[in-house]
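Asks: I'd like to ask you about the structure that follows.
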Amino acid sequence: MKLKGWKELTPGAVITEAGSALKFKTGSWRAFRPKWIPENCIQCMFCWIYCPDMAIKVKDGKRAEFDYDYCKGCGICALECPGKKGNKAIVMEEEGK
Amino acid sequence: MGQKIVAVTGNEAVANALRQVNPDVSAAYPITPATDIMQRFTSFVSNGLVKTEMILVESEHSAMSACIGASAAGGRVMTATASQGLALMWELLFIASGSRLPIVMALVNRALSAPLNIHGDHSDGMGARDCGWIQLWSENAQEAYDNTIQAFRIAEHMDIRLPVMTCMDGFIISHSIERIEYLDDYAVKNFVGEYKQLNPLLDIEHPVSYGPLILPDYYMEFRRAHAEVMSKVPGVVLDVAKDFEKISGRKYGLFETYRLDDAEVGLVILNSAAGTSKDVIDEFRNRGIKAGLLKPRLYRPFPYEEVGEALKHLKAVCVLDRADAFGASYGPLFMDIASSIYHYKNKPILINKIYGLGGRDYLPEHAELVLNELAEIAKTGKVKTFKEYIGVRE
Ligand code: SF4
Ligand code: SF4
């Protein structure tokens with residue numbers, strides 16, 4: 001994407017376009033990677049609510065895979081995930097391992 | 001024109017200007033010597049004389065935050081503060097200017113603590129001079145009233161959209177009764193006109209976000225754009241002044257010059273002390289000494305070129321600062337004046353005096369002392385001290 005010059009900017013850095021966070025892929029920030037374990041998932045959707053970005057995808061009303069383009073690896077989903085009978089459905093793994 | 005002559009304090013005059021403008025929202029927290037402005041204004045709100053939504057908050061940090069929110073939402077917004085209050089607003093000042101929100105704030109100049117002092121001094125305004133706001137400084141209650149009204153037009157100009165601080169001296173002006181002329185309500189209403197919104201948050205048909213994270217790939221472009229907008233301010237200030245003259249008969253420029261055109265020695269001084277200095281300049285003129293004065297009005301952005309042109313022909317100039325700049329060699333106003341004449345080959349000899357800190361009186365004899373020293377420098381070309389404190393006990 002060609003970067004804009006200073007004459008082309010909106011005053012005060014105001015964003016006048018809705019949903020522009022789609023263009024900002026924060027996945028490259030990730031040091032830890034959440035891993036989904038479907039057999040422990042109870043479809044409570046806590047991860048979807050708590051995720052600060054849009055990295056939890058939903059398909060046909062069900063929890064689907066992570067969208068790693070937007071997952072910055074904060075670990076909130078893993079912390080909040082109740083899992084099944086004490087077995088977490090999300091675990092964090094170090095990137096590159 | 002229908003102007004009414006009244007005897008009021010500076011604070012009363014500013015409060016009345018704000019009543020006449022009738023802003024949509026105000027958020028404020030009391031602080032001496034600015035309290036009186038908002039105290040009067042809140043009574044206008046309570047008595048139904050304005051339609052302003054008045055938000056009483058728990059600190060100046062919150063006051064400026066609420067002003068920012070209300071301004072981004074699309075309202076005409078104003079507030080008032082002084083000294084520590086302005087200091088507490090510090091981080092928000094940059095957010096208001098960086099987000100290009102046309103908030104108008106009356107700043108009643110007061111010294112900064114410690115030691116605690118509530119009196120007139122420019123340390124507060126000088127500390128905030130480079131935060132991206134426009135600053136208009138006022139010599140007396142009339143100028144404070146006139147600047148307040150003009151500030152809305154300048155701030156809200158579509159080429160500008162920047163916050164404006166209007167400054168006047170604490171107590172010396174804010175609490176002294178002077179004769180001033182009020183415009184009638186209708187004239188002020190007409191002059192400021194309907195508020196024009198730009199990207200208001202409350203326009204849900206066109207959703208916008210304020211305050212995004214701007215990383216190194218764009219931050220510098222936004223700062224460069226801010227500098228560009230600042231460069232357009234003087235032109236707008238002059239246009240607004242021209243319109244204001246039509247309704248008031250009072251003339252305003254970027255700065256005021258007093259007997260400066262043919263002067264050989266001159267003073268550069270802000271706000272109320274300029275009045276005292278003008279009297280002394282008249283006495284010196286009567287004695288055959290060609291003395292003059294320059295009083296900045298638009299202090300940020302500083303009109304370097306115009307000020308340089310106005311001063312370059314003098315032989316010796318003293319810049320009087322009512323604020324010190326610890327660790328810098330000279331006071332803040334001196335540094336701006338020095339920059340404005342720096343590139344001329346022939347330029348006046350410049351000296352700096354720090355005066356009037358914490359409300360210490362600036363007396364005619366101080367101006368006399370300085371003008372005598374300047375006359376001597378003009379004659380001999382020799383300077384004893386470049387920076388000195390006046391009116392201080394050894
Ligand atoms: S790690 Fe954080 S960003 Fe990634 S999916 Fe979980 S909550 Fe969302
Ligand atoms: S929080 Fe855990 S259990 Fe709930 S939907 Fe997400 S992965 Fe499944």
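The values are calculated or read from the model by the stated rules, or taken from the named source; none is laboratory data. None of the values given here were measured: they were computed from a predicted structure. Heads up, the Cβs are rebuilt from the backbone with ideal geometry, glycines too, and the neighbour counts pull from every protein chain shown.
Asks: List the residue pairs whose Cβ atoms are under 7 Å apart, where the first residue sits in segment A:9-25 and is more than 8 Å from chain B (Cβ to nearest Cβ), the second is small (Gly, Ala, Ser) and surrounded by fewer than 16 Cβ atoms within 10 Å (Cβ to Cβ), and the two are 6 or more positions apart or on different chains.
Replies: Qualifying pairs under 7 Å: none.
Asks: Right, something else. Can you name the strands (runs of 3 or more DSSP E) wholly within segment B:281-380 that have at least 1 residues being among the aromatic types (Phe, Trp, Tyr) and in the same structural domain as residue B:266 (by TED's automatic domain parsing)?
Replies: Fully inside segment B:281-380 and qualifying: B:298-300.
Asks: In segment A:26-40, which residue that is near ligand 1 (Cβ under 8 Å from one of its atoms) and touching a helix residue (DSSP H, G or I) at 6+ places or on another chain (Cβ under 9 Å) is farthest from residue A:82 (Cα to Cα)?
Replies: The qualifying residue farthest from residue A:82 (Cα to Cα) is A:32.
Asks: Let me ask something else. Could you identify the single residue in B:162, B:201 that is in contact with a strand residue (DSSP E or B) (Cβ under 8 Å, 6 or more places away or on another chain), outside any strand (DSSP E or B) and within 14 Å of another protein chain (Cβ to nearest Cβ)?
Replies: Unique residue meeting the criteria: B:162.
Asks: Among (1) more than 11 Å from ligand 2 (Cβ to nearest atom); (2) more than 30 Å from residue B:232 (Cβ to Cβ); (3) in a helix (DSSP H, G or I), there is one condition residue A:12 misses while meeting the rest; what is its number?
Replies: Here residue A:12 meets the rest and fails (2).
Each row is one residue, and each column tells you yes or no for (1) within 9 Å of ligand 1 (Cβ to nearest atom); (2) among the β-branched types (Val, Ile, Thr).
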site: A:42; (1), (2): no, yes
site: A:47; (1), (2): yes, no
site: A:50; (1), (2): yes, no
site: A:53; (1), (2): yes, no
site: A:85; (1), (2): no, no
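Asks: Pick out the one residue from B:269, B:337, B:351 that is aliphatic (A, V, I, L, M), touching a strand residue (DSSP E or B) at 6+ places or on another chain (Cβ under 6 Å) and within 25 Å of residue B:9 (Cα to Cα).
Replies: Details: B:337 fails: within 25 Å of residue B:9 (Cα to Cα); B:351 fails: within 25 Å of residue B:9 (Cα to Cα).
Unique residue meeting the criteria: B:269.
Asks: Further question: Working only within segment A:78-97, note down all residues that are part of a loop (DSSP other than H, G, I, E, B) and within 10 Å of ligand 2 (Cβ to nearest atom).
Replies: Here is the first cut: in segment A:78-97, the residues part of a loop (DSSP other than H, G, I, E, B) are A:81-83, A:85-86, A:88-89, A:95-97.
Scanning segment A:78-97 gives A:81, A:82, A:83, A:88, A:89.
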